[in-house]
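The values are calculated or read from the model by the stated rules, or taken from the named source; none is laboratory data. Everything numeric in this text was worked out from a predicted model, so none of it was measured. Positions of Cβ are generated from backbone atoms using ideal geometry, with glycine treated the same way; all protein chains shown enter the neighbour counts. Heavy atoms of the whole protein, side chains included, go into the accessibility calculation; ligands, DNA and RNA do not. Shrake-Rupley method; radii C 1.70, N 1.55, O 1.52, S 1.80 Å.
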Amino acid sequence: MNPLTAIPSSLDIKKIRDQFPVLHQRVNGKPLIYFDNAATNQKPKQVINALVEYYQGYNANIHRGIHTLAEQATKAYETTRHSMQKFVNAEHVEEIIFTRGVTESINLVASSYGRVFLKENDEVIISGLEHHSNIVPWQMACEEKKAKLKIIPITEAGEINLDVYQNQLSARTKIVSINHASNSLGTINPIKKIIKLAHEVGAVVLIDGAQAAAHLKIDVQAFGCDFYCISSHKMYGPTGAGILYGKKELLEKMPPYMGGGEMIKDVTFEKTTYNDLPYKFEAGTPNIADVVALNEAVNFINELGKDQIAEYENELLAYATKQLSAIPSVKLIGTAKEKVAVQSFIIEGIHHFDMGQMLDTRGIAVRTGHHCTQPLMERLGLEGTVRASFSVYNTKEEIDELIESIKRIINFLK
Ligand code: PMP
């Protein structure tokens, strides 16, 4: 039994919380309760220390240098590539491309793969659940190539309508791009089925794993996806780093996304030959420090175990959902059967911004607004929601505090 949460769990939440310095502060005079984990989660000491150790101990540019620090930095950077290969179970290490995160990863595929393989009248399919990062790059690619963007509709609960999807697929479908889990509603999408159906018509599939990386097991070989995107900052790692996983045979056929140093083998004014994978897609000096520290985020997750993390977060979600739904003026938004620990809601007669601001005065950080999913909000007939998203360091006591605060704010504003 965990003393802090009074629930059966193999995780020692107090010990976990001790590893997160940012959690131990007061905000507006109250102990911080951080429920904005879907936007970015907090960083354990081992990640913060890795950044400090890199800058204090072996800061150097990588790959080209032959001196000791350059070799040390290169080794640390490439160690993370191997860790991320294992983290997503990629077959080859060169299938892991470092990017700034999911947004850049999707843009890379949309412009590089899209430039070569999308033709006039081809179709790209996304879902009604997507983040703007998985909408706009495809709109741009489709506009350039005169291709068509199709949207899989979603149900009232926030689930993808698979029957419609099946009918939308055809020989014209070239790319399907879907999130593994929704940032606004928490819905976990049946990606294996979505991928299988897309492959039957010869389309490639990109999975936006932004909301999955810290919570769900990732096995790109078992999923069969062609591309998988991750942001480090949503999995306890630093901001400004992430990966694109891509199948080797596809990455090899794709042109570079950016030109510059590192992505070349040989340059003359007449002709440039490009570097091998993965460096072909990593032009310029990369975000070495953050990639190095990402390795510690992977270690943090592996030490706790994804299954244990998911089990505990699911308990938090169920606990919060039950209590929120018991408040008469609260309406839950996003009630899919399979969810990560995200709960959106609206409150009758209270604007989501007002609720967010009043919760902040009580030290509670939630997100309000459209969560970069404006088309989804429009489909649901909403301007925005209040969103509470949970992480492994959150507790039931914090959820109790959230519920009590919401009730008090409702009474106050009545
Ligand atoms: N997709 C989803 C589902 C997300 O939640 C986010 C971040 N909110 C993104 C894409 C974009 O990720 P990033 O800002 O880290 O590039």
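Distance check, please: which entries in Lys145/Lys247; Lys146/Lys265; Lys174/Lys253 exceed 26 angstrom between their Cα atoms? Mind showing how you got there, number by number?
Values: Lys145/Lys247 23 Å; Lys146/Lys265 34 Å; Lys174/Lys253 15 Å.
In this structure, Lys146/Lys265 exceed 26 Å between Cα atoms.
Using the beta-carbon distance between Glu338 and Thr79 and R0 = 30 Å, what value does 1/(1 + (r/R0)^6) give for FRET efficiency, to the nearest 0.05?
On the way: r = 34 Å, r/R0 = 1.12.
According to the calculation, E is roughly 0.35.
Give the dimensionless ratio obtained when the Cα radius of gyration of the stretch 352-394 is divided by 2.2 N^0.38 Å. Intermediate results must be reported in sequence, preceding the final value.
Numbers: Rg = 11.7 Å, N = 43, 2.2 N^0.38 = 9.2 Å.
It is 1.28.
Excluding ligands, DNA and RNA, what is the solvent-accessible area per residue of the chain at a probe of 1.4 Å, expressed in Å²? Show your work: numbers first, answer last.
Details: 17770 Å² over 414 residues.
Using a 1.4 Å probe on heavy atoms only, each residue of the chain averages 43 Å².
Take every Cα pair under 8 Å in the stretch 1-140 that's 6+ residues apart, average their separations, divide by the length, and report that relative contact order as a whole percent. Please list the in-between numbers first.
Numbers: 82 pairs, mean separation 14.0, N = 140.
Here the relative contact order equals 10 percent.
Pull up all non-local amide H partners of Met258: gap of 5 or more, or a different chain, and H-to-H distance under 5 Å with H placed in the peptide plane.
Amide H neighbours of Met258: Ala283.
For the stretch 290-347, report the % of Cα-Cα distances exceeding 17 Å. All intermediate terms of the calculation are to be shown ahead of the outcome.
Working: 860 of 1653 pairs.
The calculated P(r) of the stretch 290-347 puts 52 percent of pairs beyond 17 Å.
In nm, to one decimal, how far is the modelled label at Asn59 from the one at Glu303, with both set 7 Å along Cα→Cβ?
A separation of 2.6 nm, rounded to one decimal place.
Kindly sort Met358, Met140 by accessible area of their heavy atoms, largest first, with the probe set to 1.4 Å. Before the final figure, lay out the partial values.
Numbers: Met358 45, Met140 115 Å².
Correct descending sequence by accessible area is Met140, Met358.
Which value, in Å to one decimal place, does the Kirkwood hydrodynamic radius take for the stretch 194-299 when every pair of different Cα atoms is included? Don't skip to the end; give the middle numbers.
Working: mean 1/r = 0.0643 Å⁻¹.
About 15.5 Å, per the Kirkwood formula over Cα pairs.
Go ahead and run the numbers for FRET between Val136 and Lys15, Cβ-Cβ distance against an R0 of 60 Å, rounding to 0.05.
On the way: r = 41 Å, r/R0 = 0.69.
Rounded to the nearest 0.05, the efficiency is 0.90.
Normalised by the number of residues in the stretch 290-414, what is the relative contact order in percent for Cα pairs under 8 Å and 6+ residues apart?
Working: 123 pairs, mean separation 32.4, N = 125.
Once divided by the residue count of the stretch 290-414, the mean separation gives 26 percent.
In whole angstrom, note down how far apart the Cα centers of the stretch 82-160 and the stretch 195-229 are.
Using only Cα atoms to place each centre, the spacing works out to 10 Å.
At a 1.4 Å probe, what is the % contribution of carbon and sulfur to the accessible area of the chain? Intermediate results must be reported in sequence, preceding the final value.
Numbers: 9230 of 17770 Å².
In the chain, the share of accessible area belonging to carbon and sulfur is 52 percent.
Given a 10 angstrom Cα cut-off, can you work out which residue in Pro238, Pro375, Pro21 is the most mobile in a GNM of the chain?
Pro21
Compute from the Cα atoms of the chain the Rg and the Dmax, the latter being the longest Cα-Cα distance, and quote both in angstrom.
Final numbers for Rg and Dmax: 22.1, 73 Å.
For the stretch 1-116, what does the equivalent ellipsoid look like in terms of its semi-axes, each the square root of 5 times an eigenvalue of the Cα gyration tensor, given largest first in whole Å?
Values: eigenvalues 231, 95, 54 Å².
Computed over the stretch 1-116, the values are 34, 22, 16 Å.
Please report the Cα spread of the stretch 86-131 along all three principal axes, rounded to whole Å, starting with the longest.
Dimensions of the stretch 86-131 along the principal axes of its Cα atoms: 38, 26, 19 Å.
Given a 10 angstrom Cα cut-off, can you work out which residue in Gln56, Gln357, Gln139 is the most mobile in a GNM of the chain?
Answer for the Gaussian network model of the chain: Gln56.
Over 23 Å between Cα atoms: which of Lys86/Lys280; Lys14/Lys339; Lys306/Lys331 fall into that group?
Working: Lys86/Lys280 21 Å; Lys14/Lys339 25 Å; Lys306/Lys331 30 Å.
Violating the 23 Å limit, Cα to Cα: Lys14/Lys339; Lys306/Lys331.
With springs only between Cα atoms under 10 Å, which of His233, His199, His24 fluctuates most in a Gaussian network model of the chain?
Maximum among the listed residues: His24.
Under a no-solvent Debye model with one identical scatterer per Cα of the stretch 76-213, what's log10 I(q)/I(0) at q = 0.14, 0.18 Å⁻¹?
-0.66, -1.05
Within the chain, what percent of beta bridges assigned by DSSP are antiparallel, to the nearest 5?
Working: 29 of 49 bridges.
Close to 60 percent.
Compute the relative contact order of the stretch 48-303 as a whole-number percentage, counting only Cα pairs closer than 8 Å that sit 6 or more residues apart in sequence.
Across the stretch 48-303, relative contact order equals 24 percent.
Okay, helix-only estimate at 222 nm for the chain: each DSSP H run of n ≥ 4 adds -39500 (n - 2.57), divide by all residues, round to 500 deg cm²/dmol; what do you get?
Numbers: 14 runs with 160 residues, N = 414.
Value at 222 nm, helices only, nearest 500: -12000 deg cm²/dmol.
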